[in-house]
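A.B. asks: The structure that follows is given in the form of structure tokens.
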Amino acid sequence: MGRWSLFALLVWSITAIACEGRRLRPRVMVAASFEQAATRVIGDAAIVVPASSSSQARRIVAGSPADIFISANREWIDYVARHGLIVPGSRQRLVSNEIVLVTPGSRPRDFDLKTFRGKIAMGDPSHVPAGTYGRRALQAAGVWDRLASSIVPTSDVRHALALVERDEVDLAVVYLTDVKLSRKVSVVHRFPETRLSVVDETAHKRGGDPALLKRLTGPSAQRIYRELGFGPMR
């Protein structure tokens, strides 16, 4: 069925958020998994602030200054929208990704998910998008109940990647794009495609700089996304 468009990076515009003083550059709040892409695309036109989608959403609602929110999960965008901070009708699709299982590069590649026993690092399934998607994938594979007690929850997907790079866990659930950032891990399992009703979108805040939105969605940005392993929205 092809690869699994597992997470949709949602880039949304945020309405003006109260803060003291005038900021010289826009702030782009991004999911940790999208930090490299956003930094390369935006350059010095804005400040890129990475963290898990759940943390970013809560910070924005609490009053943290933000112009654009890039999230791996539409539910966290909806959370911000319910507080009246999202500009209605300003959404555009961006990119897609895939969830994979990786092991430390030094480990043997022989792998059978059905019989695997060991520690698995993944974003906390209760609120981190990569963990949520990983749990769904493992449930679909029929192994979640057996492996749930072996999960090592992390604050975001990059922390899960760091644990497996240091050989502190046997496996990690990460995005395929994360694998391109590391020479210390090997992909041992790719899940069958299971489409989620999540879309990649982008927008800018009222009164925000349209040039920043253009930079995130233009042809040059799309080339960078492809180089980093992101797929197109279908």
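The values are calculated or read from the model by the stated rules, or taken from the named source; none is laboratory data. Here the structure is a predicted model, which is why all the values come from computation and not from measurement. Don't worry about glycine lacking a Cβ; one is built from the backbone with ideal geometry, like all the others, and counts go over all protein chains shown.
A.B. asks: So which residues in segment 146-171 are in contact with a Gly (Cβ under 9 Å, 6 or more places away or on another chain), buried (at least 24 other Cβ atoms within 10 Å of the Cβ) and closer than 19 Å to R107 by Cα, if there are any at all?
C.D. replies: Selection gives A160, L171.
A.B. asks: Now for a separate question. What number of residues in segment 65-86 are surrounded by 16 or more Cβ atoms within 10 Å (Cβ to Cβ), in contact with a helix residue (DSSP H, G or I) (Cβ under 9 Å, 6 or more places away or on another chain) and farther than 22 Å from A37 by Cα?
C.D. replies: Adding up the residues that qualify gives 4.
A.B. asks: Can you name the residue in segment 39-49 that is free of Cβ contacts under 8 Å to residues at least 60 places away in the same chain and under 24 Å from V174 (Cα atoms) and is also surrounded by the most Cβ atoms within 10 Å (Cβ to Cβ) among such residues?
C.D. replies: Filtering segment 39-49 for residues that are free of Cβ contacts under 8 Å to residues at least 60 places away in the same chain and under 24 Å from V174 (Cα atoms), the one surrounded by the most Cβ atoms within 10 Å (Cβ to Cβ) comes out as V48.
A.B. asks: Tell me which of these Q139 doesn't satisfy, since it passes every other one: (1) surrounded by fewer than 16 Cβ atoms within 10 Å (Cβ to Cβ); (2) in contact (Cβ under 8 Å) with a residue 12 or more places away in the chain; (3) closer than 30 Å to Q56 by Cα.
C.D. replies: (2)
A.B. asks: Between a first residue in segment 148-172 that is at positive phi and a second residue that is surrounded by fewer than 22 Cβ atoms within 10 Å (Cβ to Cβ), which pairs have beta carbons less than 6 Å apart while being 6 or more apart in sequence or on different chains?
C.D. replies: Partner pairs satisfying both residue conditions: D167/P104.
A.B. asks: With the structure loaded, tell me whether G21 is out of contact with any strand residue (DSSP E or B) (no Cβ under 9 Å at 6 or more places or on another chain) and modelled with pLDDT of 85 or more or whether it fails that test.
C.D. replies: The answer is no for G21.
A.B. asks: Hey, any hits in segment 81-103 for a residue that's in a helix (DSSP H, G or I) and within 16 Å of V128 (Cβ to Cβ)? Spell out how you get there, then give the answer.
C.D. replies: Keep residues of segment 81-103 that are in a helix (DSSP H, G or I), which gives 81.
Then drop every residue that is not within 16 Å of V128 (Cβ to Cβ), which leaves none.
No, segment 81-103 contains no residue that is in a helix (DSSP H, G or I) and within 16 Å of V128 (Cβ to Cβ).
A.B. asks: Under the condition of being under 20 Å from the mean Cα position of the chain (by Cα) and small (G, A, S), which residue from segment 129-151 is nearest to I70 (Cα to Cα)?
C.D. replies: A130
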